[in-house]
Amino acid sequence: MTQNEKAAAAKKRNHAIMIIILILLFILFIMPFILVIINVFKTKADIVSDPLALIGAHGFTMQNFPEAMAKMNFWNVFKNSLIITIISTVLTIFVSAMASFVIVRNGKWKFCSGLFALMVASMVIPFQVLMVPLVSVYGGIFGVLNHRLTLILMHTGFSVSMATFMFHGAIHTNIPLELEEAALIDGCSRWQTFWKVVFPLLKPTIATVAIIDAMAFWNDYLLPSLVLTDKALYTIPIATQAFYGTYSTDIGLVMAALLLAMLPILILYLFLQKYIVAGVTSGAVKG
Amino acid sequence: MNRNTFSYKLRQILMFAGPGTILFFAVVVVPFVYGLYLTFTSWDGVSAHKPFVGFANYAAAFSDGAYWVALGRTAIYSIFAVVFINILAFALAYLVTSGVKGQNFFRAGFFVPNLIGGIVLGYIWKFVFNRAYVAIASAITGGMAISPLSTTGGAMFCLIFVSVWQYAGYMMLIYVAGFMSVSDSLKEAAMIDGCTPSQAMRNVTIPLMRSSFVQCIFLSITRCFVVYDVNLSLTKGEPFNTSVLAAMHVYNQAFTYKNYGLGQAEALILFIVCAAVGITQVMIGKRGEVEA
């Protein structure tokens, strides 16, 4: 065997080893989800007696789903999560893009540079530091907890700084000033220039912010659990927690509830996987 | 049009930055400042009266043994979790950028845990540890195995394990971006100069990826220090409160025991510790950064 053939053979072997390691790691990574899927179609007794069997001794059953859905009030919590996530995300994008525009283009104004510095500094504050005063101010003084709108505005307020930071970078590097000057000469006001020229050009950043924030809002537990204590307003994570608290022994129902809680975002991921991975990457690398 | 008048500036700022600034102040800045004030009161969460107590809450926080135990436990948890998250994430990133078939599929797959909230992930793993693990362990040993979640060290191990599994896919994406930013020509040049692939990795690729490391370690430290969801759903602090992490202690102190002032003071200390560790790490990391 010549030197080159040897090297090629070694490369091929390394390649095969890597694929095997990847497949093993992949199985390990998705194993918990597979276990949930296997057990969701079994009766409670079958899960307890053998959680690893593909099909339970009493056969395949679908009965866990309707029962879990009814007890969790699934469609209602799904609707709540959807409304809160969509409105918060849209609101975050609008207010942050607008704020970053005035900050970038008027960086010399003391207000703008001060506000931006404050926003960047605030990104290190963990939620734990703000939760007690939030409950104290909005529950104790204003009494506005238990409204979807309160949660939506809070979600938006928390994500404004990060989103403004990202839009700031995008406007700063990607939007040429000449474009805005041309719009000004054509008779656009600043307001029109923003909406007709700048905002449409921010599309890639809008997508990134939308993906990152929508996922964060959809999965958030601590803030919603403090704001929404009324059962009718529960979002999916709170409803899952409450459900587990009540039915933890009814393991078949728990499996169905967990699967239902994951399903919406997994289905979305199936279709938008490329965009989600790209959005999270660019958000993480910039952030 | 004069663009330098006060009224023009005010109009521009209100029009564009107004809504964002109001919301930002309403939920971040004002509560932060108000939180500082709360640490000097002994508010019970109900009454309108908030008696001023001076530094009593800080004194109580410093003598709250359970809090320092929880903080120490969080530090140990964070050290293990951060190290393993980054080792695994780096290895995954290496594997999915090495040009094997289906690497995008694997990338997408390893990211899946990050799509799902910590509450749901915790309950899924609780099932895995309590049922599936017990079934396998019992079959192997032939006796009745017990769940690792019901043993003292086991619960902490499970928390670390689940956190590594949860965050590795996310950090992997950052390392993937890091790998992609190192140009192939540099590696090739090193190989022509006689480097083996592993030497090229150690002496060329890794030093150039330093910023990815700094960023991933910063993100994993700041996340691990304040983890709450998974702690709540996976162990709930059990057995016997031996897996209560700092964030859970703060939550219980404020909302379960209604010591709002004390809880807020402890939250503030947690924030300061977390920020100090994170910033130190970034400063050390940035010092040795190299440009290609």
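Residues checked against (1) surrounded by fewer than 21 Cβ atoms within 10 Å (Cβ to Cβ); (2) within 11 Å of chain B (Cβ to nearest Cβ); (3) of a type in the set (Lys, Arg):
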position: A:SER96; (1), (2), (3): no, yes, no
position: A:MET123; (1), (2), (3): yes, yes, no
position: A:LEU134; (1), (2), (3): no, yes, no
position: A:THR164; (1), (2), (3): no, yes, no
position: A:ILE175; (1), (2), (3): yes, no, no
Within the stretch A:29-45, the residues that are without any contact (Cβ under 8 Å) to a residue 40 or more places away in the chain and more than 8 Å from every other protein chain (Cβ to nearest Cβ) are A:ILE34, A:ILE38, A:PHE41, A:ALA45
Residue count, the stretch A:76-94, condition among the hydrophobic types (A, V, I, L, M, F, W, C), in contact (Cβ under 8 Å) with a residue 60 or more places away in the chain and at the interface with chain B (Cβ under 10 Å from one of its Cβ atoms), comes to 1
Of the residues in the stretch B:134-168 that are in contact (Cβ under 8 Å) with a residue 40 or more places away in the chain and surrounded by fewer than 18 Cβ atoms within 10 Å (Cβ to Cβ), the one that is nearest to the other protein chains (Cβ to nearest Cβ) is B:SER150
The one condition B:ILE124 fails out of (1) within 30 Å of A:SER282 (Cα to Cα); (2) away from chain A (no Cβ under 11 Å); (3) without any contact (Cβ under 8 Å) to a residue 12 or more places away in the chain is (2)
Wholly inside the stretch B:1-97, helices (runs of 4 or more DSSP H) that include 1 or more residues that are more than 8 Å from chain A (Cβ to nearest Cβ) and at pLDDT 85 or above are B:18-24, B:30-38, B:56-62, B:65-96
**Prompt:** Is it fair to say A:LEU24 is assigned to a helix (DSSP H, G or I) and either surrounded by 12 or more Cβ atoms within 10 Å (Cβ to Cβ) or within 14 Å of another protein chain (Cβ to nearest Cβ) (or both)?
**Reply:** yes
- Consider A:LEU82 carefully, then state whether it is in contact with a helix residue (DSSP H, G or I) (Cβ under 6 Å, 6 or more places away or on another chain) and in a helix (DSSP H, G or I). no
Out of all the residues in the stretch A:108-117, is one or more free of Cβ contacts under 8 Å to residues at least 60 places away in the same chain and not in a helix (DSSP H, G or I)?
yes
If we keep only residues of the stretch A:136-162 that are among the aromatic types (Phe, Trp, Tyr) and surrounded by fewer than 24 Cβ atoms within 10 Å (Cβ to Cβ), then the residue farthest from the other protein chains (Cβ to nearest Cβ) is A:PHE142
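The values are calculated or read from the model by the stated rules, or taken from the named source; none is laboratory data. Source: prediction; values computed, not measured. Counting neighbours? That spans all protein chains shown, and the Cβs are built from the backbone with ideal geometry, glycine included.
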